[in-house]
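Read through the structure below, which is laid out as structure tokens, and then see the notes.
Here, each number is a calculation from the coordinates, and none is a lab measurement. Keep in mind the model is a prediction, meaning the values are calculated, not measured. Note that each Cβ is placed from the backbone with ideal geometry, even for glycine, and that neighbours are counted across all protein chains shown.
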Amino acid sequence: MIKYRKSVGGIVFDLAENKFIPCSPDNTDYQTYLAWCAEGNTAALADPVVPSVPEEVTAWQAKTALLNAGLLLDVESAIIGMTGIDGAAARKDWFSAPTWRRSWPLVAAMQQAFGWPNNYVDQLFIAAAQL
């Protein structure tokens, strides 16, 4: 039985759970996938169509995607620890914005702070949109 599909771009999809798995070493779903591969299993190749990256998701979707990836507490701590006017703006957005945009300065700040490549942030937005 096929349990996972993997796109050419490396995006993993869990067929049993019907969700995308962010390729993060801290994500327990990704760890389970890697263990499954280490047992000699191979993910089926997904259709060549890669999900488009949504420009906007709800704050709930974004925070749930971060939680699922094992990143929520680290990101929240980083935002709370930001200083100055940028920190105040980041906290305002984090706690009150109803939606998050991929082009949002706070997303770019977290991407830079954690060293996430563009495709990783895209995967998080894709995963969020699936929730």
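A few remarks follow.
- Only DSSP H runs of four or more residues enter the estimate; each adds -39500 (n - 2.57), and after division by the residues of the chain the mean residue ellipticity at 222 nm equals -15000 deg cm²/dmol.
- Within straight-line reach of LYS92, meaning a Cα separation under 21 Å, sit the following lysines at least 8 residues removed in sequence or on another chain: LYS63.
- Take every pair of alpha-carbon atoms less than 8 Å apart whose residues are at least six positions apart; their mean separation over the length of the chain yields a relative contact order of 30 percent.
- Cβ-defined net charge surrounding ILE79, 9 Å radius [Lys, Arg +1; Asp, Glu -1]: -1
- Evaluating 6.51 cos²θ - 1.76 cosθ + 1.60 at θ = phi - 60° for every residue in region 118-131, the Karplus couplings come out as 3, 5, 5, 5, 4, 4, 4, 5, 5, 4, 4, 5, 7, 7 Hz, glycine and proline recorded as x.
- With a cut-off of 12 Å between beta carbons, the residues surrounding PHE125 carry a summed charge of -1, where Lys and Arg count +1 and Asp and Glu -1.
- In Å, descending, principal axis extents of the Cα set of the chain: 52, 25, 22
- FRET efficiency for TRP104 and SER77, using Cβ-Cβ distance with R0 set to 22 Å, rounded to 0.05: 0.70
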